[in-house]
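Novice: Handing you this structure, nothing more for now.
Just so you know, all these numbers are worked out from the coordinates, no wet-lab data involved. All values reported here derive from a predicted model rather than from experimental measurement. Neighbour counts are summed over all protein chains in view; Cβ atoms, including those assigned to glycine, are modelled from backbone coordinates with ideal geometry.
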Amino acid sequence: MIRALFTAALLLAAPVRAEISIQEVTSPGGIKAWLVEDHNIPFTALELQFKGGSSLEVPDKRGVINLMTATLEEGAGDMDSKAFAEARDALAAGIHFDSGADSVGVSAKFLTENRDQAVELMRSALVDPRFDQDAVDRVREQVLSNLRANEKDPGTIASEKFDALAFGDHPYATTADGTIETVTKLTRDDVVAAHKAAIARDRVFVAASGDITAEELGKLLDRLLGDLPATGAPQPGAAPWLLPPGVTVVDFPTPQSTVFFGEAGIPRDDPDFFPAFILNEVIGGGRFTARLMTEVREKRGLTYGIGTYLVNMEHADMLLGQFSASNDKVAEAIKVVQEEWGRLVKDGVTPEEMEATKTYLTGSYPLRFDGNGPIASILVGMQMDGMPIDYVTTRNAKIEAVTMEDIKRVAARLFKPEALQFVVVGQPEGM
């Protein structure tokens, strides 16, 4: 889970076109969505996120949401898996289902001329999936194959160990894919029950971008989602933060160790979030001028790359990092990370670092929102994170408003060298 979230965390910096205009749409049936109209190209991107995901699972059913989601496109209504795929391809439509710890997602792209047919195909998958036994069995084998491969992947091992240490009995403690034991025992009835639990109107967030009007989108949403259950399974409670400080070594025969490290983070709606955002960019952001890249890679040659991330989940907030290093260099690299963590608290950031980081974060803002697909994806993510609809016009001002005093205060609050846990998968020397 943690490993996948590193990519998701980049959404915090995902830039948006400065001129973007977002409409809030409410369908005749009461379904809300955010829309960016763009009639220059005759296609639309549609994003749905159903809040919950694998966090809805009980321990002996781990992986059932993933199995269910992966089987949605394996036939619906009177179409088996082959007929469903042929119908999608005939429409030149893209329809993709996925799931994670906090949501089940649907991504679709379709031509304006095929909009109605594409929506009917999506509706059949969401409202009337077949879950044929042979399809469930086939997808299960694919999942099990991936789980067996993950048992030999140091990064996955490190991520799963970190989750287990951090979250105890909460669903976050185990991977959304499940385990070989739990997935093997899942039945078709379990998959059907997972569908009813996860796919419901009370938890859906919607965004669209492209060649569609607000009126057309409203009618589309009622047709697409109107026949879903009104409510699904209850959401889980807050995840406990149980991560102990220190170093945990998982023996694994490899010349290079993989290291995941982190501590508790800061909520997305916390007033101190933007100072924390700047601090993270200074110490471990994606640029080569980040302190950890400078100290761990450039000055000492201990790793090829290292990065840190503010990760905000529905029920937990984290400050995470990762790197790989040869077994003889891991101990030194960990020491440098701890020292830099402490130096940030003691010395703060320099005026030059502050200016350069603000320039980067605000200047890159307009560059990534360059198509209907990215726009819809980011808009639905904003809704999931509870951001206001005007976030795209206020975000840069919030960054510019951060002061040196804010930085010093939040560094002392957030960065705690004594709280860091390092999970090391490999055979590190002297550890």
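Novice: Need the list of aspartates and glutamates near Lys335 for cross-linking: C-alpha distance under 14 angstrom, and skip anything on the same chain fewer than eight residues off.
Specialist: Within reach: Glu295, Glu418, Glu429.
Novice: Rank Val25, Pro255, Gly53 by how far each Cα sits towards the positive end of the charge dipole of the chain (+1 on Lys, Arg Cβ; -1 on Asp, Glu Cβ) and give me just the farthest.
Specialist: So the residue furthest toward the plus end is Pro255.
Novice: So how strong a dipole does the chain carry about its Cα centre when Lys and Arg Cβ are +1 and Asp and Glu Cβ are -1, to the nearest 20 debye?
Specialist: With Lys and Arg at +1 and Asp and Glu at -1, about 760 debye.
Novice: Given +1 on the Cβ of Lys and Arg, -1 on the Cβ of Asp and Glu, and no further charges, what dipole in debye does the range 160-249 carry about its Cα centre, rounded to the nearest 20? It would help to have the intermediate numbers written out before the result.
Specialist: Values: 8 positive and 13 negative charges, 29 e Å.
Computed about the Cα centre, the dipole is about 140 debye.
Novice: Separate question: Quick one: which residues, 5+ away or cross-chain, put their amide H under 5 Å from the amide H of Asp328? H built at 1.01 Å from N.
Specialist: When sequence neighbours closer than 5 places are left aside, the close amide H contacts are Glu429.
Novice: Residue-wise, which Karplus ³J(HN,Hα) couplings in Hz belong to the range 117-123, taking 6.51 cos²θ - 1.76 cosθ + 1.60, θ = phi - 60°, and x for glycine or proline?
Specialist: 5, 5, 5, 4, 5, 4, 4
Novice: Sorted from fewest to most neighbouring beta carbons within 10 Å, what does the list Leu147, Leu292 look like?
Specialist: In increasing order of surrounding Cβ atoms, one gets Leu147, Leu292.
Novice: For the range 336-431, what does the alpha-carbon gyration tensor say about shape, rounded, prolate or oblate, given a ≥ b ≥ c as the root eigenvalues, a/c under 1.5 as rounded, and a/b over b/c as prolate?
Specialist: Values: a/c = 2.36, a/b = 1.48, b/c = 1.59.
It comes out oblate by the Cα gyration axes.
Novice: Could you list Val25, Val425 in order of exposure, starting from the residue whose Cβ has the fewest other Cβ atoms within 10 Å?
Specialist: Val25, Val425
Novice: With the crude spin-label approximation of a point 7 Å out along Cα→Cβ, what separation in nm comes out for Lys416 versus Val249?
Specialist: Going from the Lys416 label point to the Val249 one covers 2.6 nm.
Novice: While we're here: List the residues whose amide H sits under 5 Å from the amide H of Thr308, counting only those 5 or more places along or on another chain, with H placed 1.01 Å from N in the peptide plane.
Specialist: Gly284, Gly285
Novice: Applying a 10 Å radius around every beta-carbon, put 407-420, 100-113 in order of their mean neighbour count, most first. Show your work: numbers first, answer last.
Specialist: Values: 407-420: 17.7, 100-113: 21.9.
Output ranking for 407-420, 100-113: 100-113, 407-420.
Novice: Report relative contact order for the chain in percent, whole number only (criteria: Cα-Cα under 8 Å, sequence separation at least 6). Walk me through the intermediate numbers first.
Specialist: Numbers: 846 pairs, mean separation 105.1, N = 431.
Computed over the chain, the figure is 24 percent.
Novice: Which distance in nm do the two modelled labels at Thr359 and Glu181 give, with both placed 7 Å along the Cα-to-Cβ direction?
Specialist: 5.6
Novice: Additional query: 5 Å is the cut-off here: which amide hydrogens, built 1.01 Å from N in the peptide plane, fall below it relative to Phe131, excluding neighbours closer than 5 in sequence?
Specialist: For Phe131, whose amide H was placed from the backbone, there are no distant partners under 5 Å.
Novice: Assign one of three labels to the chain, namely rounded, prolate or oblate, based on the Cα gyration tensor with a ≥ b ≥ c the square roots of its eigenvalues; rounded applies when a/c is under 1.5, prolate when it is not and a/b is larger than b/c, and oblate otherwise.
Specialist: On the way: a/c = 2.16, a/b = 1.35, b/c = 1.61.
Since a/c reaches 1.5 but b/c is at least a/b, the shape of the chain is classed as oblate.
Novice: Pull out the extension gain between Ala264 and Glu86, defined as 0.36 nm times the separation in residues minus the alpha carbon to alpha carbon distance; nm, one decimal.
Specialist: Working: separation 178, 0.36 × 178 = 64.08 nm, distance 4.69 nm.
Extra length available between Ala264 and Glu86 comes to 59.4 nm.
Novice: I've got another one for you. What value, in deg cm²/dmol to 500, does the helix sum -39500 (n - 2.57) over DSSP H runs of n ≥ 4 give at 222 nm once divided by the residues of the chain?
Specialist: Numbers: 15 runs with 177 residues, N = 431.
So the calculated ellipticity at 222 nm is -12500 deg cm²/dmol.
Novice: Right, another one. Along the charge dipole of the chain, Cβ charges K/R +1 and D/E -1, which of Gly63, Ala411, Ile41 sits furthest on the positive end?
Specialist: Checked the options; the winner is Ala411.
Novice: Would you work out which of Thr184, Pro244, Pro275 lies farthest towards the positive end of the dipole of the range 177-283? Charges go on Cβ: Lys and Arg +1, Asp and Glu -1.
Specialist: Thr184
Novice: Quick one: go through the range 217-231 and flag any residue whose amide nitrogen is under 18 Å from the point 7 Å out along the Cα-to-Cβ line of Glu120.
Specialist: Counting only backbone N, you get 219-227.
Novice: While we're looking at this one, here's another question. Measure up Lys299/Lys358; Lys61/Lys219; Lys161/Lys398 against 32 Å on the Cα-Cα distance and list the ones that go over.
Specialist: On the way: Lys299/Lys358 25 Å; Lys61/Lys219 36 Å; Lys161/Lys398 36 Å.
From the list (Lys299/Lys358; Lys61/Lys219; Lys161/Lys398), the Cα-Cα distance tops 32 Å for Lys61/Lys219; Lys161/Lys398.
Novice: Treat the count of other C-beta atoms within 10 Å as a stand-in for reagent exposure and order Arg268, Arg123 from fewest to most. Show your work: numbers first, answer last.
Specialist: Numbers: Arg268 16, Arg123 19.
Ranking Arg268, Arg123 by Cβ neighbours within 10 Å, fewest first, gives Arg268, Arg123.
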